[in-house]
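Undergrad: Structure incoming, see below.
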Amino acid sequence: MKTLPRADVAIVGGGWAGLLMAKELGARTGLSVVVLERGKPRSANDYTDGMDELDYAIRLRMMQDVSKETLTFRHTSKDRALPIRQFASFLPGTGVGGSGEHWTGIVPRFLPDAFEVHTRTVERYGAKRLPENHSIQDWGITYAELEPFYTRAERLLGVSGKMGLDPFEGPRSAEYPTPPVKMGYFPSLFVTAARSLGYHPAPTASANLSTPYRNPDGIIRPACQYCGYCERFGCMVGAKAQPTNTLLPVIARQKNVTIRTGANVRRVLHKDGKATGVQYRDASGEEFVQPAGVVMLASWTLNNTRLLLLSKIGEPYDPATGKGHVGRNLTHQSQSRAVTLFFDRPLNRFMGAGANGANIRDLDGDCFDHGPLDFVRGAFIVAHALGFRPIANFGVVPPSVKTNWGAEWKKAAIEAFDCTANMGISGEHLAYRTNYLDLDPTYRDANGDPLLRMTMDWNDNERNMIRYVSAKMAEVGRAMGAREVLTPPLARRYDVVTYKSTHLQGGTIMGTSPANSVLNTWLQHWQMSNLFVLGGSSFPQNPSGNPTLTILAQTLRTADAIVNRYAKRPGPLA
Amino acid sequence: MRRRHFLTLSSTAVGGLLVFTLEREPMRVHAQTDRRIRVPLRFFDEREALIVAAAAARIFPSDSIGPGAWEAGVIVYIDRQLASPFGRDKNRFTQPPFEEGVPEQGYQGKATPREIYGDGLALLGRDFDRLTPDQQDAKLRTIETTYFFRLLRQNTIEGMFCDPMHGGNVDLIGWQIIGYPGPYMSWADHIDQHYGTPFRPKPRSLSDVLGRKVKPWEDEA
């Protein structure tokens, strides 16, 4: 095993969080920074040949190679976990830019109450309304503390939107950097109908630009062309903010930052309570030690948690006793298969972009009275024209058609193809003692390391919430003129077969004390102060809307703390 | 090395059947000649190809509504996919042990797509392509719940609507019958127009748009 020259900071993972941290430290300090990315290099110019649904959206050409590493899944600790042999429920990214290359670009701020779910719910409804077996807790920071960093993150991306239309949005110190994107027909129907029923639709905050924009780093990106090849694709013109078009050009000028690809980090090395570096394997199979003064994990929710478990840092969560924190509070997204609407006129849905459309927050968080209801919290609801591609979307037929092949189905599916649309219901997923991550005792990855094991199932709170919200959205759908509306319930049991979102949270959660969390609110490990863990693994639970903007804001907050405090005087920040 | 196999088709069967109209209605025209062409097969032999093609043509039949799997070249698409890394499960986690799970854990079988098709050919029988359409439908109904049928149905939809570089969607037949234009670089002047009325630009393939050939993933890996 070869030992490399020491770096001041080693960052594991070259996605949004890792590269943003590298860019900040590169620009604002003289620290030497090495980013270790296990996938391949990428540049903003890689996507000209990429408008192919089959290779990119169906065969998942840009995603993590599941043949080498996956995770196992079971519903409860009594069940036998089996490997997820093909990704479907969520789609982990890989390579430089990570999932940030093929994301959707929907960038809402979280509602202020999302950071204090436990406190606010108990205050308003009493502790007995918290679901059975929950492990909900407050984040330890407030929306107000994060607000300046939300503003900075929005300026980094050039977020398109308009303030003042959504009465539930937290106070903003600044207008969106760019005006809202143009709206397709389907979302425009939603806006009119939702408003007529007393809801408050607003253009969805979009990282696909409405107009050309120059960000504070001098990066210029063009306006979105609404080509319909957005989520699961890299942007051909660079209108969608991606690490390769927003961060890489800045990092390329920084002499103190190095990005090393093909470097698969297997362990965080540590001695006497301090991280000393990382051990990785390169693409040829050779092992290296990268010594470092500070180690930062930014390798997505699952791998961040797995690296702490494999490196034996902190106490693994034990669901039987409730002791230990590493791996607990795993949450996904209680996404229903969404409300499906059948219209009697064409929607021209091939046009669009990931965040092209409108959303309402009237049924999100605690924006409505749950007093008489059988659940707490809610859902971020969107109607988007996100580019309706034929392989994924052909074949949806009204329930009167009882077959899914043959002449009758073909006729109905051709008629329905451009007359069908879905509302997206991103339901909040609360944390439960029974949903967690640990290491699998049987299955291993291509390097011989144990796979992560996911134990996860749905609970009544989320089932009841989706039922309620879907019924409300069916009313909106009928007001939009849909002749038929389908509202599938949340599946009886969690599955890894149908896509929900690539929003997984928890495993290395942040909190107010070592007694309730792995990290302090600066995303610094409570016991190992030169170890930081960035990204959604720090979220105590899933707060409905898309997480990337909050991940960027938190990363900027941690970067400030390192530049202003830690670099001068290393040690615990809280 | 395997002997080279060809699928012999008349030119009327691989496109040339449609002219594009601005409505979504495809219009049948007669092919100019009845030339026979030979498509080289990468995975199936000719008998196997005819059987799978016949099954795909019942899933997405050719009828008065418009052409189907046969004219779109779905069998050529499936043949190429099975010959590619997809066919041997290069992009699936195939570490043992293989154990039966619950449906929510997803497909846990050991069989690759090639092996699943092999099983499927046995289920369909040697004379499937010579049965009447009603007999073929009756046979397919008996295997509707098998992995083979589900994979065949999925692959048929893929072959109908993929970019033609993958072998299916010949002459953009699939996109024409549903009014899908394919990849265009920009809809910026149209996204907030045409509200409630059909906007049906002439379909174009990725090679049409870029003005050069693009290599599909199955030819790279």
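No lab work stands behind these numbers, since they all come straight from the coordinates. Nothing here was measured: the structure is a model prediction, and the numbers come from that model. Quick reminder, even Gly has a Cβ in these numbers, built from the backbone with ideal geometry, and neighbours come from all protein chains shown.
Undergrad: Counting other C-beta atoms within 10 Å, which of A:I562, B:I116, A:I360, A:I220 has the fewest, and how do the rest follow?
TA: Least crowded to most crowded, the residues run A:I220, B:I116, A:I562, A:I360.
Undergrad: Also, I was wondering about something else. In degrees from 0 to 90, rounded to the nearest 10, what is the angle of the helix A:300-310 Cα long axis to the longest principal axis of chain A?
TA: Value to nearest ten degrees: 40.
Undergrad: Further, regarding this structure: Within chain A, what is the longest stretch that has no GluC sites (Glu not before Pro) placed in a DSSP loop and near at most 15 other beta-carbon atoms within 10 Å?
TA: A:287-574
Undergrad: In addition: Compute the signed sum of charges (Lys and Arg +1, Asp and Glu -1) over the other residues within less than 10 Å, Cβ to Cβ, of A:E169.
TA: Local charge sum for A:E169: +2.
Undergrad: Longest span of chain B, sites excluded, free of GluC sites (Glu not before Pro) in DSSP loop with at most 10 other C-beta atoms within 10 Å?
TA: By the stated rule (loop sites, at most 10 other Cβ atoms within 10 Å), B:101-219.
Undergrad: A further question follows. Please compute the contact order of chain B in relative form: average sequence separation of alpha-carbon pairs under 8 Å and at least six residues apart, divided by the residue count, as a percent.
TA: 22
Undergrad: From other protein chains only, count the Cβ atoms within 10 Å of every residue's Cβ in A:68-78, then give the mean.
TA: 2
Undergrad: Mind checking B:156-169 for the average number of partner chain beta-carbons within 10 Å of each residue's beta-carbon?
TA: That works out to 4 on average.
Undergrad: I need the calculated FRET efficiency for the pair A:K323 and A:K568, taking r as the beta carbon distance and R₀ as 35 Å, to the nearest 0.05.
TA: 0.45
Undergrad: Moving on. What do the square roots of 5 times the Cα gyration tensor eigenvalues come to for the protein assembly as shown, in whole Å, largest first, as semi-axes of the equivalent ellipsoid?
TA: 43, 30, 26
Undergrad: In degrees between 0 and 90, to the nearest 10, how far off the longest principal axis of chain B does helix B:147-161 point, with axes built from Cα atoms?
TA: The helix B:147-161 is inclined about 20 degrees to chain B.
Undergrad: Treating the angle as unsigned and between 0 and 90°, give the value, to the nearest 10°, between the Cα long axis of helix A:143-157 and the longest Cα principal axis of chain A.
TA: With rounding to tens, the tilt is 80 degrees.
Undergrad: Shape call for the stretch A:441-512 from the C-alpha gyration tensor, a ≥ b ≥ c root eigenvalues: rounded (a/c under 1.5), prolate (a/b greater than b/c) or oblate?
TA: Prolate.
Undergrad: Averaged across orientations, what area in nm² does the convex hull of the alpha carbons in the stretch A:98-155 project?
TA: For the stretch A:98-155, the mean projected area of the Cα convex hull comes to 5.9 nm².
Undergrad: Which number gives the lysine pairs in chain B that have C-alpha atoms under 24 Å apart and are eight or more places apart or on different chains?
TA: Eligible lysine pairs with Cα atoms under 24 Å apart amount to 4.
Undergrad: Then there's this: Taking a ≥ b ≥ c as the square roots of the eigenvalues of the Cα gyration tensor of the stretch B:61-136, is the shape rounded (a/c under 1.5), prolate (a/b larger than b/c) or oblate?
TA: prolate
Undergrad: Per the Debye formula with a single identical scatterer at each Cα and no solvent contribution, what log10 I(q)/I(0) holds for chain B at q = 0.08, 0.11, 0.17 Å⁻¹?
TA: Each listed q corresponds, in turn, to -0.33, -0.62, -1.29.
Undergrad: Taking 7 Å along the Cα-to-C-beta vector as the label spot, tell me the A:E408-A:H200 distance in nanometres, rounded to one decimal.
TA: Calculated label separation equals 4.8 nm.
Undergrad: Here's something else I'd like to know. For all pairs of alpha-carbon atoms in the stretch A:151-276, what percent lies in each bin of width 5 Å, listed from the first bin to the last filled one?
TA: Here the calculated profile for the stretch A:151-276 is 2, 9, 15, 16, 15, 13, 10, 7, 7, 4, 3, 1, 0.
Undergrad: Would you mind calculating the relative contact order of chain A from Cα pairs under 8 angstrom and at least 6 residues apart, reporting the percent as a whole number?
TA: Values: 1431 pairs, mean separation 130.7, N = 574.
The value is 23 percent.
Undergrad: How much of the DSSP beta bridge set in chain A is antiparallel, as a percent to the nearest 5?
TA: Of those bridges, close to 65 percent are antiparallel.
Undergrad: How far is the Cα center of the stretch A:97-159 from the Cα center of the stretch A:352-416, in Å?
TA: What the calculation gives is 24 Å, centre to centre.
Undergrad: Further question on the same structure: Please rank A:T204, A:T487, A:T301, A:T3, fewest neighbouring Cβ atoms within 10 Å first, as an exposure proxy.
TA: A:T3, A:T487, A:T301, A:T204
Undergrad: Would you calculate the separation in nanometres between label points at A:R267 and A:N133, each defined as 7 Å from the Cα along the Cα-to-beta-carbon direction?
TA: Roughly 3.6 nm, to one decimal.
Undergrad: As a footprinting exposure proxy, order A:H429, A:H384 by other Cβ within 10 Å, with the fewest listed first.
TA: Ranked by crowding around the Cβ, least crowded first: A:H384, A:H429.
Undergrad: By a straight-distance test (C-alpha under 23 Å), which lysines pair with A:K240 as possible cross-link partners, with residues fewer than eight away in the same chain excluded?
TA: A:K23, A:K40, A:K162, A:K182, A:K500
Undergrad: Right, something else. Say each of A:I220 and B:R204 gets a label point 7 Å from the Cα, pointing the same way as Cα to Cβ; how far apart are those two points in nm?
TA: Distance between the two pseudo-spin positions: 2.6 nm.
Undergrad: Can you give the average number of partner chain beta-carbon atoms within 10 Å of each beta-carbon in peptide B:208-215, as a whole number? Write out the running numbers ahead of the final one.
TA: Numbers: counts 0, 1, 3, 0, 1, 1, 6, 2.
Per-residue shielding by partner chains comes out at 2.
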